[in-house]
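Visitor: Pasting a structure here, questions to come.
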Amino acid sequence: MKRSIIAFVLSAAILSACSAIQSIVRSTFPYTATLSVPLSSSTDVVQSVTSQASSFDQIFTGQGSNTKAIKDIRLSTVKLEATFPSGQSFGVFKSLKIYISRGDSSLEQLIATRDNIASTIGSSIMLDADTTILLDEFIKESTVRIRLEYVKRDVTNADITIKASMDFNAAPNTSK
């Protein structure tokens, strides 16, 4: 009897710990998108490129399969990295804006910006994320699209491949 009680208490403690850890782990989740700025892009003109964004959760659990478990989704950070050509600087851009939209592009929201980019900046840049907007209606969709709006300062010698990494925070939905 004593062993049964100890086993029960230990099981309950382990399950509680797993739930607490899952809650902590699941409160922040990343999305990534790969965007390609064409060589033919003009300078001093607002232009944009679009790509589908994905997260590990979508790949692991199936797109949109666990969206009822979270709510109050907000952006926390946006980092852009120039992955091609090697050593490409973001100094070729004057400004960058990131928009999020549903897969069908029926609704779009500006989520991060960076203006007056220094010509001496490196191959990665953090954008100023708007952390006040609730993004549930976008992230809970089965497909999320990211649009990069940009103004180039300089002509480039090749297409620029950019990896956009966005971290989102969410609260557990206890009323699901």
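Derivation of every value follows stated rules applied to the coordinates shown; laboratory data play no part. Predicted model only: the values in this text are computed from it and were never measured.
Visitor: Would you give the gap between the C-alpha center of region 94-135 and the C-alpha center of region 151-175, rounded to a whole Å?
Guide: The two parts, judged by their Cα centres, are 7 Å apart.
Visitor: Through the Karplus equation 6.51 cos²θ - 1.76 cosθ + 1.60, θ set to phi - 60°, convert the phi angles of region 101-106 into ³J(HN,Hα) values in whole Hz; use x for Gly and Pro.
Guide: 8, 5, x, 8, 6, 6
Visitor: How many lysine pairs are close in region 30-172, with Cα atoms under 21 Å apart and the two 8 or more places apart or on different chains?
Guide: So the count of such lysine pairs works out to 11.
Visitor: Quote to one decimal, in nm, the extra length available between residue 44 and residue 104 on full extension: 0.36 nm per residue of separation minus the C-alpha distance between them.
Guide: Result: 18.7 nm gained on full extension.
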